[in-house]
Amino acid sequence: MFLKELELYYFRNYIQEVLKFSENKIILLGDNAQGKSNLLEAIELLSSLKSHRYSKDIDLVYHQGVYGQIKAKISNGYVDHDLGIIIPAKGKRELFVNSEKVKRNLDFLGIINTVLFSNLDLDLVRGAPEYRRNWVDNLLIQIEPIYWHIIKDYHHVLKQRNALLKKFKKAGYDHNLSSSADLELQLWDEKLAETASRVKRRRARVITKIQPLARFWHHQISQKTEKLVIKYAPNVLWQEDTPENVQQLIRENLAEKRLAEINLGTTLVGPHRDEIEFIINDNLARSYGSQGQQRTLVLALKLAELQIIEQVTGDCPLLLLDDVMAELDIKRQQQLLDCLGDRFQTIITTTHLNCFNKNLLHQAQIVKVDGGKFN
Ligand code: ATP
Ligand code: MG
């Protein structure tokens, strides 16, 4: 996959800019607050329709104006694609593939795949379980775009079920639900079991796939001294991996926690409570790793992500490195470059070039970013 051109129109701090990419490695160079991360965010949106910098669409539009637009030309092996997103400050986004408007996100997702590594990703190791769940979910969306709907359906059911439990709590129900209330809750139990099992089984599968790859890279980067284990810790455990069995276990768990759920007014069973554990040499990376170890772990996870997307889609995703390359020592930079080879187009942001590996500086297209303009 090769990103050939990106056009930004009233997006973040860009008014109208076009950037043509000529190399496999691109360095975006600029002082703080000039628009480097904004550019990566535009590519991330094309890839996942989401931004890791949590914000409302209105914040993506230049000075909260009327609308912003992102366009890109991409080459996927033998086929070229044009992608476009119109982002109104208010209202629904419009998506275009090869100049034709597409109605479903599903038809837009999966055309451009990216793996982003920014300093925020250290929360993947250090932060709350939600960061790790989001990481797995975003990876699943890229390799199985239908997952976008699967996780959305689950969150919808969870929200409705929580609202119902809250209502029961307020009404002071405990185990004496009226028959109509009981029936209503049973209906939501059924929907929860169905949607939750879809999410959980896919999460388990992708973690099984990523584990050996992440382990390999981690072993390489940590100079073969450390051993990584990634463990999926769902709050419902299963042996036999069939939808019927997982659904049944979720139903049983819901029945067990029914009283507690009504007392607390919230759902206690489901993928929103899953944990994904990173264990290095038998210790939880979250509570034990040093800064350097945590960075190495995230880098290994990102390399594994690149590989898994490549394996599943048959095409190399783009790697976006926001402010992290300069923080690796020259040796690790070289290791990373060796791992990437020429296969993965890589966009790197930095405020200065002096700590970069010479090979990289030699190969790269260097683009200066200054106040929302390229030169
Ligand atoms: P750093 O090196 O600090 O990471 P950066 O070059 O990555 O900097 P960005 O995060 O890309 O910086 O850009 C930040 C700038 O974009 C800020 O000046 C911010 O005010 C501006 N900005 C963000 N959203 C908008 C918007 N909707 N309209 C206009 N400007 C915006
Ligand atoms: Mg930045």
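The values are calculated or read from the model by the stated rules, or taken from the named source; none is laboratory data. As the structure is a computational prediction, the values presented were derived from the model and not from experiment. Here the Cβ is made from the backbone with ideal geometry for all residues, glycine too, and neighbour counts use every protein chain on show. Ligands, DNA and RNA are excluded from the accessible area calculation, which covers all protein heavy atoms including side chains. Shrake-Rupley method; radii C 1.70, N 1.55, O 1.52, S 1.80 Å.
Can you name every residue in segment 56-79 that is acidic (Asp, Glu) and either at pLDDT below 95 or touching a strand residue (DSSP E or B) at 6+ places or on another chain (Cβ under 6 Å) (or both)?
Selection gives Asp57 alone.
For segment 66-87, name all the residues that are within 16 Å of ligand 1 (Cβ to nearest atom), within 23 Å of the chain's Cα centre (by Cα) and open to solvent by 20 Å² or more (accessible area, probe 1.4 Å).
If the condition is that a residue be within 16 Å of ligand 1 (Cβ to nearest atom), within 23 Å of the chain's Cα centre (by Cα) and open to solvent by 20 Å² or more (accessible area, probe 1.4 Å), then Gln69, Ile86 are the ones that fit.
Out of Ile26, Ile43, report the one residue that is of a type in the set (Val, Ile, Thr) and part of a strand (DSSP E or B).
Among Ile26, Ile43, only Ile26 is of a type in the set (Val, Ile, Thr) and part of a strand (DSSP E or B).
Restricting segment 70-129 to residues that are hydrophobic (A, V, I, L, M, F, W, C) and closer than 30 Å to Gly289 by Cα, which is farthest from ligand 2 (Cβ to nearest atom)?
Top of the filtered list is Ala128.
Keeping to segment 13-25, report how many residues are within 15 Å of ligand 2 (Cβ to nearest atom) and either modelled with pLDDT under 95 or crowded, with 19+ Cβ neighbours inside 10 Å (or both).
The qualifying residues number 1.
Tell me the strands (runs of 3 or more DSSP E) entirely within segment 290-375 that contain at least 1 residues that are closer than 18 Å to Ser47 by Cα and open to solvent by less than 50 Å² (accessible area, probe 1.4 Å).
Because the criterion is at least 1 residues that are closer than 18 Å to Ser47 by Cα and open to solvent by less than 50 Å² (accessible area, probe 1.4 Å), the strands (runs of 3 or more DSSP E) in segment 290-375 that meet it are 318-322, 346-350.
Have a look at Val367, Val269 and point out the one that is in contact (Cβ under 8 Å) with a residue 40 or more places away in the chain and away from ligand 2 (no atom under 16 Å from the Cβ).
Val269
In the list Leu29, Leu19, Leu39, which residue meets the criterion of being in contact (Cβ under 8 Å) with a residue 12 or more places away in the chain and within 22 Å of Trp135 (Cα to Cα)?
None of the others qualify; the one that does is Leu39.
Scan segment 235-279 for residues that are assigned to a helix (DSSP H, G or I), within 15 Å of Val157 (Cα to Cα) and either among the small types (Gly, Ala, Ser) or open to solvent by 40 Å² or more (accessible area, probe 1.4 Å) (or both) and jot them down.
Arg251, His272, Arg273
Considering only segment 190-212, how many residues are under 28 Å from the mean Cα position of the chain (by Cα) and either touching a residue at least 60 places away in the same chain (Cβ under 8 Å) or farther than 30 Å from Leu228 by Cα (or both)?
Residues in segment 190-212 being under 28 Å from the mean Cα position of the chain (by Cα) and either touching a residue at least 60 places away in the same chain (Cβ under 8 Å) or farther than 30 Å from Leu228 by Cα (or both): 14 in total.
Give all pairs with beta carbons closer than 7 Å in which a residue from segment 318-346 that is touching a residue at least 40 places away in the same chain (Cβ under 8 Å) and within 10 Å of Lys25 (Cα to Cα) meets a residue that is more than 16 Å from ligand 1 (Cβ to nearest atom) and charged (D, E, K, R); count only pairs at least 6 apart in sequence or on separate chains.
Close Cβ pairs satisfying both conditions: Thr346/Lys25.
Restricting to segment 18-44, count the residues that are near ligand 1 (Cβ under 7 Å from one of its atoms) and among the basic types (Lys, Arg).
1
Suppose we keep only residues that are in contact (Cβ under 8 Å) with a residue 40 or more places away in the chain and aliphatic (A, V, I, L, M) within segment 49-65. Which one would you say is surrounded by the most Cβ atoms within 10 Å (Cβ to Cβ)?
Here the residue is Leu60.
Does segment 132-141 contain at least one residue that is open to solvent by 20 Å² or more (accessible area, probe 1.4 Å) and either at pLDDT below 90 or not in a helix (DSSP H, G or I) (or both)?
no
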